[in-house]
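> Take a look at this one; I'll ask things after.
Since every read-out is calculated from the coordinates, none of them should be taken as a lab result. All values derive from a computational prediction rather than experimental measurement. All Cβ positions, glycine included, derive from the backbone under ideal geometry; neighbour counts span all protein chains shown.
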Amino acid sequence: MIKDNCLRAVTGTEAGPKRPDLTSRAADCSSFLAVTTTPDASTTYVTMTASTVTVMTTSTASTVPYYASACSGTARYSSACSCEGAAASTTTLATPTVTGTVTVTPTVTRAA
């Protein structure tokens, strides 16, 4: 493992004022590597009993903390976090459901 300033910033071996403790840095790494997926809402119509196709969307933390400014971007920060043992995790939230009601009113027309 090559120890550069990015890794030193993440591991806490880089000296400097106003640096968080190692526990906080590890928590930042875990948060940065965590992915949360939220399925798109599934829409169900009462008169049709049909659902839309569910597509997953993802969100992740994308900002490198100030104390890791020696990291030239998210890839370097992610790599340094991985070197320190932080693992990626994925959380999938429940699919939100939207229910719509379609009311059909029949029209009767008399022939003349």
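> SER42's amide H: which non-local residues (gap 5+, or another chain) put their own amide H closer than 5 Å, with H modeled 1.01 Å from N in plane and none for Pro or chain starts?
Answer set, sorted by chain and number: THR97, VAL98.
> Here is a further query. Between ALA88 and ALA27, how many nm apart are label points set 7 Å from Cα along the C-beta direction?
Placing both labels 7 Å along Cα→Cβ, they lie 2.4 nm apart.
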